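The values are calculated or read from the model by the stated rules, or taken from the named source; none is laboratory data. This one's a predicted model, so the numbers in the text were calculated from it and none came from an experiment. Don't worry about glycine lacking a Cβ; one is built from the backbone with ideal geometry, like all the others, and counts go over all protein chains shown.
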């Protein structure tokens with residue numbers, strides 16, 4: 001075949017591919033009429049939901065509701081900065097579980113908690129704000145509070161802790177577009193900003209606009225083949241890295257290397273972030289609570305467990321509310337398919353169950369008079385709001401990954 005015919009065939013194949021792709025995209029838009037959830041990239045906080053959007057959720061994950069965000073980009077009703085008189089305002093910061101993109105606003109955990117708490121107590125109106133961003137980490141929760149949440153009159157700030165250890169360091173989270181913290185020798189937090197994202201590139205535009213791309217990408221991410229290939233690539237990269245760095249740790253399994261970095265980096269930096277989070281909240285006149293929502297299995301090689309996080313909270317006088325056992329029972333019980341979407345997030349019924357569990361444990365920790373079920377509180381799960389401030393560094397240092405020196409982030 002001469003070069004002319006080869007070029008002609010290549011042109012025909014390219015045109016056929018474009019036509020087929022266009023038809024598939026059109027078919028997707030006709031028979032699966034959804035709009036991509038809108039995100040934008042913040043140079044400090046990373047990915048965030050666009051404000052005031054009304055878009056369909058991920059139908060390929062079983063979502064069927066319209067995703068709505070308020071003027072601040074949260075999956076919540078519109079909230080004023082100043083709360084009304086005789087009102088207790090609670091903020092909940094968390095990951096996609098708290099966001100609950102797959103259910104209407106009134107069935108998110110924060111909204112359900114607001115309903116349940118107000119039913120249980122007659123003395124004061126309670127507002128529960130959903131402050132979960134489009135990121136997953138404690139880093140993003142803290143930054144969201146620092147630059148947005150603190151201006152919305154919080155009395156109680158709740159950190160809903162899930163896969164935060166994994167998400168708080170780049171080595172395991174592997175997202176360059178997310179923010180991170182590191183710790184220097186003075187135990188100060190060094191802020192590593194997210195890498196800039198070129199949202200004008202062709203690939204970025206396709207990701208935003210193409211429903212076909214989104215459907216195929218999510219199906220691929222859920223597939224067994226993709227996960228097995230990803231595991232194999234991780235093993236290859238680990239071996240190559242050992243050869244180039246002359247690693248003398250005698251660790252031959254990438255899973256053990258992962259546990260090592262979780263123990264040596266993820267654990268200490270996460271606890272340091274929680275200390276700073278609590279310190280800032282207390283200085284602003286509010287109170288800090290941690291909900292422990294996910295069981296710690298073997299990601300630390302058995303060195304750290306949920307009881308260690310509970311002990312950290314006890315030492316730092318952080319009210320600790322464990323719901324990880326109940327969540328695990330719901331997730332692995334007989335009703336799992338009735339309570340969760342295909343992607344593992346709770347549906348409406350799942351959120352109702354989980355919110356009722358949280359409400360029963362949370363209410364005894366609130367400075368309000370309630371109908372009598374305060375007796376459900378146990379000494380290990382709760383404490384009164386007589387906080388002592390943990391001694392931590394007051395400055396958060398920004399370290400640009402492309403520079404050698406840090407500077408104070410504007411307060």
The one condition in (1) in the same structural domain as residue 290 (by TED's automatic domain parsing); (2) modelled with pLDDT of 95 or more; (3) in contact with a helix residue (DSSP H, G or I) (Cβ under 8 Å, 6 or more places away or on another chain) that residue 182 fails to fulfil: (1)
Conditions (1) out of contact with any helix residue (DSSP H, G or I) (no Cβ under 9 Å at 6 or more places or on another chain); (2) within 20 Å of residue 162 (Cβ to Cβ): number failed by residue 107: (1)
Selection from the stretch 322-350 of residues under 30 Å from residue 312 (Cβ atoms), free of Cβ contacts under 8 Å to residues at least 12 places away in the same chain and touching a helix residue (DSSP H, G or I) at 6+ places or on another chain (Cβ under 6 Å) yields 340
Qualifying positions in the stretch 253-304 - free of Cβ contacts under 8 Å to residues at least 40 places away in the same chain, more than 20 Å from the chain's Cα centre (by Cα) and under 25 Å from residue 331 (Cα atoms): 255, 298, 302
Given the conditions (1) surrounded by 19 or more Cβ atoms within 10 Å (Cβ to Cβ); (2) within 24 Å of residue 271 (Cα to Cα), report the number of the one that residue 148 does not fulfil. (1)
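Could you tell me whether residue 123 is surrounded by fewer than 17 Cβ atoms within 10 Å (Cβ to Cβ), assigned by TED's automatic domain parsing to the domain that holds residue 317 and in contact (Cβ under 8 Å) with a residue 60 or more places away in the chain? Write out each step before concluding.
Values: surrounded by fewer than 17 Cβ atoms within 10 Å (Cβ to Cβ): yes; assigned by TED's automatic domain parsing to the domain that holds residue 317: yes; in contact (Cβ under 8 Å) with a residue 60 or more places away in the chain: yes.
Yes; evaluated as a whole, the condition is true for this residue.
Of 139, 128, which residue is crowded, with 24+ Cβ neighbours inside 10 Å, modelled with pLDDT of 95 or more, within 17 Å of residue 266 (Cα to Cα) and in contact with a strand residue (DSSP E or B) (Cβ under 9 Å, 6 or more places away or on another chain)? Even if it seems obvious, please write down each step before you answer.
Values: 128 fails: within 17 Å of residue 266 (Cα to Cα).
Matching residue, one of 139, 128: 139.
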Given (1) surrounded by fewer than 24 Cβ atoms within 10 Å (Cβ to Cβ); (2) touching a residue at least 12 places away in the same chain (Cβ under 8 Å), index of the condition residue 115 fails: (2)
